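One structure is given here, and the rest of the page talks about it.
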Amino acid sequence: MIDDAKPLFTQIAEKVEDSILNGTLPELSRAPSTNELAGFYSINPATAAKGINRLVDKGVLEKRRGIGMFVTEGARALLINEHRTTFSDNFITPLLNEANRLGLGSRDVIALIEERSQKLHLTTALDPTAAKG
């Protein structure tokens, strides 16, 4: 779990986000406490609290005094939108910049993506009936 390239509190926040995104921590469910996270990952509770507070500030978790932390309604959609933006910034923009440098238009890029997707047996999110590969 520990990645020396990232602060521990960031890694804690990302682990909780991943659990929300993959559905193991559903909306409106109780989230692990800072003490539970600190114990599980053998880290200082203040470090775990910093990661959790980051998610509270984002609106992904909410503190309910006396009963704990809970995943907010709409947290998954909020995280998906955030990750889409990050994905676009980190991958799509550089892809399009390189395509432009090579003289490829958007249709060329789409055709390349579709061709590669077929080779990798990927399905599109637009086709819920397609089997995932």
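The values are calculated or read from the model by the stated rules, or taken from the named source; none is laboratory data. Keep in mind that this is a model prediction, so the values were computed, not measured. Every residue, glycine among them, receives a Cβ derived from its backbone with ideal geometry; neighbour counts consider all protein chains shown. Protein only, heavy atoms only, side chains kept; ligands, DNA and RNA dropped before computing areas. Shrake-Rupley method; radii C 1.70, N 1.55, O 1.52, S 1.80 Å.
Name the residue, out of Asn53, Asn97, Asn35, that is open to solvent by 80 Å² or more (accessible area, probe 1.4 Å) and closer than 26 Å to Asp3 by Cα.
Values: Asn53 fails: open to solvent by 80 Å² or more (accessible area, probe 1.4 Å); Asn97 fails: closer than 26 Å to Asp3 by Cα.
Matching residue, one of Asn53, Asn97, Asn35: Asn35.
Within the range 56-65, is there a residue that is surrounded by 11 or more Cβ atoms within 10 Å (Cβ to Cβ), in a helix (DSSP H, G or I) and either at pLDDT 95 or above or not assigned by the TED database to the domain that holds Lys15 (or both)?
Kept after step one, since they are surrounded by 11 or more Cβ atoms within 10 Å (Cβ to Cβ), are these residues of the range 56-65: 56, 58-63.
Applying the additional criterion that residues be in a helix (DSSP H, G or I) yields 56, 58.
Still in the list and also either at pLDDT 95 or above or not assigned by the TED database to the domain that holds Lys15 (or both): 56, 58.
Scanning the range 56-65, I find at least one residue that is surrounded by 11 or more Cβ atoms within 10 Å (Cβ to Cβ), in a helix (DSSP H, G or I) and either at pLDDT 95 or above or not assigned by the TED database to the domain that holds Lys15 (or both), so the answer is yes.
Here are Ile43, Ile20: which of them is open to solvent by less than 80 Å² (accessible area, probe 1.4 Å) and either touching a Phe, Trp or Tyr at 6+ places or on another chain (Cβ under 6 Å) or in a loop (DSSP other than H, G, I, E, B) (or both)? Lay out the reasoning, then the answer.
Numbers: Ile20 fails: either touching a Phe, Trp or Tyr at 6+ places or on another chain (Cβ under 6 Å) or in a loop (DSSP other than H, G, I, E, B) (or both).
Of the residues listed, the single one that is open to solvent by less than 80 Å² (accessible area, probe 1.4 Å) and either touching a Phe, Trp or Tyr at 6+ places or on another chain (Cβ under 6 Å) or in a loop (DSSP other than H, G, I, E, B) (or both) is Ile43.
Condition first: open to solvent by less than 70 Å² (accessible area, probe 1.4 Å), within 14 Å of the chain's Cα centre (by Cα) and of a type in the set (Val, Ile, Thr). Now tell me which residues in the range 67-91 satisfy that.
Within the range 67-91, Ile80, Thr86 meet the criteria.
Which of the residues belonging to the range 38-59 are over 12 Å from Met69 (Cα atoms), touching a helix residue (DSSP H, G or I) at 6+ places or on another chain (Cβ under 6 Å) and not polar (S, T, N, Q)?
Hits for the range 38-59 are Ala38, Ile43, Pro45, Ala48, Lys50, Gly51, Arg54.
Please give the number of the condition Glu98 fails out of (1) in a helix (DSSP H, G or I); (2) in contact with a helix residue (DSSP H, G or I) (Cβ under 9 Å, 6 or more places away or on another chain); (3) among the acidic types (Asp, Glu).
(2)
Exactly one of these conditions fails for Lys63: (1) touching a strand residue (DSSP E or B) at 6+ places or on another chain (Cβ under 8 Å); (2) closer than 30 Å to Ile113 by Cα; (3) basic (Lys, Arg). Give me its number.
Of (1) touching a strand residue (DSSP E or B) at 6+ places or on another chain (Cβ under 8 Å); (2) closer than 30 Å to Ile113 by Cα; (3) basic (Lys, Arg), only one is false for Lys63: (2).
Check whether at least one residue in the range 17-31 is acidic (Asp, Glu) and touching a helix residue (DSSP H, G or I) at 6+ places or on another chain (Cβ under 8 Å), and report yes or no. Break it down into steps so the answer makes sense when it comes.
Start the filter on the range 17-31 by keeping residues that are acidic (Asp, Glu), which leaves 17-18, 27.
Still in the running and touching a helix residue (DSSP H, G or I) at 6+ places or on another chain (Cβ under 8 Å): 17, 27.
Yes: the range 17-31 contains one or more residues that are acidic (Asp, Glu) and touching a helix residue (DSSP H, G or I) at 6+ places or on another chain (Cβ under 8 Å).
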